[in-house]
Amino acid sequence: MVAALAGSIGYFELIPGAREMMTRYGRATGLFKDPNVFGPFLLPAMLYVMSRLIEGQVRRAVLWWATLPILGIAILLSFSRGAWLCAGVSLLLFVGLQFLTASTARMRRKLLGLVGMVTLGGSALVFGSLQLDGVADLFAERAALTQDYDEGPDGRFGGQQKAADLVLQHALGIGAQQFAPYFHHEEPHNTYLALFLNAGWLGGAMFLAIIATTLWHGLRRAVRYPPQQPSFLAAYAAFAGHAVEAAVTDIDHWRHFYLLLAVVWGLLAGARPPHRPTA
């Protein structure tokens, strides 16, 4: 909440000088140096709030409801295509798994009602934000599938092609922080490609194995022990969204990504089969 409020305060310059400190390229960063990290960082908190609303009495959860628009507007104001992708994937997975593993029809109805209210509230929030000229213009620019700097041999996609060619030529990798200074003007913006490029085929394969193993065991846990997962799905869905976003940006230096990884494995380690009384 502190990070989200800081991003919104900076974007709208509610405090003199805040925009200079808490935005970059006209996009909210809060207390982060990059809006592409700021947006995804807020997503696990949003999913956690939704899990609390599903678990508890919705009519008593005034505080939880108040946090959702603050987190949502901050993610929007990051104007990060990666953050929006991460949010979309995570929310779809979270809602889908919650619905499939719900223990009662009442819980499913409650979930659908929550999704309906969040959808209506989110749509109203986006529509209201787009009435502001600065927000509307930047949203239209960032909502495009590709930007000018993505295309051409010196663009993002051109850099990824160069990185892929180097991967095939260097089985042991070229080492960290060697691509941008000597082969391209920026990093590949693809974590999986970057790991194969920097750490070699073995290092890249090990990173893929970590991601795949976490996703597989997390899915098994979600399906097998649904009554014991009040917050597990929030962490798992957020991690899965980050795993997808890793294909379009470099997340291997994001501390909160490894925190999510640790939370998922910690909850996996603490999972126990449902107790079945003996005869």
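Every read-out reported here was derived from the displayed coordinates using simple, explicitly stated rules and does not represent laboratory data. Everything quoted here is computed from the prediction, not taken from an experiment. Cβ: placed from backbone, ideal geometry, glycine included. Neighbour counts: every protein chain shown.
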Under the Karplus relation with 6.51, -1.76 and 1.60 and θ = phi - 60°, whole-Hz ³J(HN,Hα) for the range 162-170, x at Gly and Pro, equal 4, 5, 5, 5, 5, 4, 5, 8, 10
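At a temperature of 25 °C and a viscosity of 0.890 mPa s, determine how fast the range 147-271 diffuses translationally according to Stokes-Einstein, using the Kirkwood radius over alpha-carbon pairs as Rh; express D in µm²/s, rounded to the nearest whole number.
Numbers: Rh = 15.7 Å.
Estimated via Stokes-Einstein, D reaches 156 µm²/s.
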Whole-Å distance linking the alpha carbon centroid of the range 3-75 with that of the range 200-265 is 22 Å
Per DSSP, the loop-located chymotrypsin sites (Phe, Trp or Tyr not before Pro) within the range 33-127 having at most 13 other beta carbons within 10 Å are none
Residues meeting the amide H criterion for His170 (H placed from the backbone, H to H distance under 5 Å, 5 or more places apart or on another chain) are none
Placing one equal point scatterer on each C-alpha of the range 1-145 and summing with Debye, one gets log10 I(q)/I(0) at q = 0.15, 0.20 Å⁻¹ equal to -0.76, -1.21
Dividing the mean separation of Cα pairs under 8 Å (6+ apart) by the residue count of the range 1-145 yields a relative contact order in percent of 22 percent
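For Ala271 and Leu120, compute 0.36 nm times the residue count separating them, minus their Cα-Cα distance, and round to one decimal in nm. Let's see the in-between values first.
Numbers: separation 151, 0.36 × 151 = 54.36 nm, distance 3.50 nm.
Contour length minus the Cα-Cα distance gives 50.9 nm.
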